[in-house]
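Just so you know, all these numbers are worked out from the coordinates, no wet-lab data involved. Note that the structure is predicted; figures quoted are calculated from it, not measured. When we count neighbours, we look across all protein chains shown, and the Cβ atoms used for this are built from the backbone with ideal geometry, even at glycine.
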Amino acid sequence: MSYFDNFLIMCSEVSLLIVLLILLLFDITAGKRGKQYFQPVAILLFALHTLLNFVPTAAGEAFGGMYQYQPVMTIIKSILNVATLIIFLQSKHLFESIKMKSQQGEYYFLTLSTLLGMYLMISSGHLLLFFIGLETASIPLATLVAFNKHCKKSAEGGAKFILLSAFSSGILLFGISYLYGTTGSLYFSEIAPRMALNALQIMAFIFFLSGLFFKVSFVPFHLWTADVYEGAPSNVTSYLSVVSKGSAAFVLMTLLFKLFGSYVHEWQTLLFWIIIVTITLGNLFALRQQNIKRFLAFSSISQAGYVGLGIISGSTLGMTTVIYYILVYLFSNLAAFGVISAIENRTGKIEIADYNGLYQSNPKLSFVMMLAMFSLAGVAPFAGFMSKFFIFSSAAQQGFYLLVIVAVVNTIISLYYYLRVVKAMFINQNEQPIETINTDNWNKVSLVICTGAIILVGLLGFVLDIIEKQSFGL
Amino acid sequence: MGELLINNAGVSLLVFQLVSLVMFFAGIYGFFTRRNLMMMLISVELILNASDINFVIFNRYLFPEMMDGMFFALFTIAIAACETAVAIAIIINLYRNFGNADVDNLKNMKG
């Protein structure tokens, strides 16, 4: 295999890198008139990249096994691509104020570079590439959280995020160093057979997992989530809650399968308790939130717990349902954030009480928001119901009945707070509701895509079949 | 095994392990107790450097035929530098907004 062939195998990374560099050059060279078209250019280039990398190719590895490609990775990368594309469609509001206008190029550049990090993390076969990917995914994200330089909350969120993510990746790195010390290799394929249950390796395992749990925001490591989600601009919040969390959940699953396959009983016991605590605490804290972004932050914590149900089963069905759950969660959550970001960027209102009587002035936005809340809660005809159903069945298949019962009870609790938003929009009376908002056409397109997907993805059975064909178990 | 753990100068692997562990836990302690953001950042650097020491020492003592650990340590140093650069930029931004770099500023959002 020639040196050039290696790059052909990692074609999705290369094409993303090309998009990234074109946008960077465009930002530097374009004049004031050219920059008006920055968002369309970014969207078109990225849509092209998404289409080019949509079809899975044959499995392979590059650079001596450092980079590993399996067809299922194309599926998860395409899901992340679609999510990023929808977020780009929703981003126009962010740059309407004069203060923010000059930062437009940086926003798209930084977002895409975190995406590149997630790509590397997903298809890494070596701990070095995994660690580089993890850091590439989290360092630019901190600058995105602190993106609004003139807002105190944004600065506070950014500082919390960078310090805590550096701390957690430090602990993860310490875990990696013991993995290296006890096995003598950094390749996943060489580490996995050398894992024995000795004390040092168990310590490495715990350190390594706590770093990853931080990214997925499972409960003992969730405290940053609400503050960072509240401080960041809402488009960045949606990116954090969908793309960053989705990729981290997938990576956690593949690493548990590939690297810690022989520890299956240990991590199933560990995840069992963590999932119960995550779903329950996420729900209980979501009940008492008044700020809609904090509310969605805690809801996303409990949703991460549901994703854990698919991970714990360790089967092919588990991986299928995790990917399917991320796909559905993407559309539901981005529909909600499309509405929230439009309202926040226009009026600055982010309390749930501000949404009282939204139906009187913005019937269409309220309708989209209602669908999103129903889908997140798992109400029957929508996609959220199907994804919850499949993920429960994958856990039940492996005998985790207690876990499924706890999760179902929590779904009922979660119905209360999701419907609280719906009630505020449709039933609560308000003399002065938020004025009628005309969102731009890109945002309308994104909301239509999300609404269509929420209704259709649950009904179209072939989506699950496509994912199942490429999935693998322990 | 006992001979393997001693290098030419007669220093045991465990001595270096002790150094890196002390550095690691000093970093964690500092991260939890310091009130200044810069000091917290320095504590995080201590944690990262402790794992660098581990990589180099494991490589030198246990697996001297390959250079995996050394290179991992080099990459980690570079990544830690990036992390510090971004963290300092954010702390400077915080300083502009609040007038100082104390962690007590970071309590506007809670609940």
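General remarks:
- Prolate/oblate/rounded call for the range A:396-451, Cα gyration tensor, a/c under 1.5 rounded: oblate
- Bridgeable lysines around A:K32 (alpha carbons under 21 Å apart, same-chain partners fewer than 8 residues away excluded): A:K92, A:K99, A:K101.
- Efficiency of FRET between B:L74 and A:L419 - r from beta-carbon atoms, R0 56 angstrom, step 0.05: 0.55
- P(r), alpha carbons of the protein assembly as shown - 10 Å bins starting at zero, rounded %: 3, 17, 28, 28, 17, 5, 1, 0, 0
- Kirkwood Rh, angstrom, the range A:114-272 [1 / mean 1/r, Cα pairs]: 16.0 Å
- Couplings 3J(HN,Hα) of the range A:309-318, computed from phi: 4, x, 5, 5, 5, x, 10, 4, 4, x Hz, in residue order, whole Hz [Karplus 6.51 cos²θ - 1.76 cosθ + 1.60, θ = phi - 60°; x for Gly and Pro].
- With neighbours defined as other Cβ atoms within 10 Å of a residue's Cβ, the residues B:V103, A:V322, A:V448 order from fewest to most as A:V448, B:V103, A:V322.
- Nearby aspartates and glutamates by direct alpha-carbon distance to A:K469 (threshold 16 angstrom, same-chain neighbours under 8 apart not counted): none
- Residues whose amide H lies under 5 Å from that of A:Y67, counting only those 5 or more places away or on a different chain, are A:A62, A:G125; hydrogens are built 1.01 Å from N in the peptide plane.
- Mean separation of Cα contacts under 8 Å (6+ apart) over length of the range A:172-297, as relative contact order %: 30 percent
- J(HN,Hα) series, the range A:323-338, from Karplus relation 6.51 cos²θ - 1.76 cosθ + 1.60, nearest Hz, glycine and proline x: 5, 4, 4, 4, 4, 5, 4, 4, 5, 5, 5, 6, 4, 4, 6, x
- Kirkwood hydrodynamic radius over Cα pairs of the range B:13-102, then Stokes diffusion coefficient at 25 °C and 0.890 mPa s, in µm²/s: 171 µm²/s
- About the Cα centre, charge dipole magnitude for the protein assembly as shown (Lys/Arg +1, Asp/Glu -1 at Cβ), debye: 1460 debye
- Taking the fewest neighbouring Cβ atoms within 10 Å as the starting point, the ordered list for A:W267, A:W273 is A:W273, A:W267.
- Dipole check for chain B: with +1 at the C-beta of Lys and Arg, -1 at the C-beta of Asp and Glu, and the Cα centre as origin, the magnitude is about 540 Debye.
- Residue by residue, the range B:27-34 carries 3J(HN,Hα) couplings of x, 5, 4, x, 4, 7, 9, 5 Hz when phi is fed to the Karplus relation 6.51 cos²θ - 1.76 cosθ + 1.60 (θ = phi - 60°); x denotes Gly or Pro.
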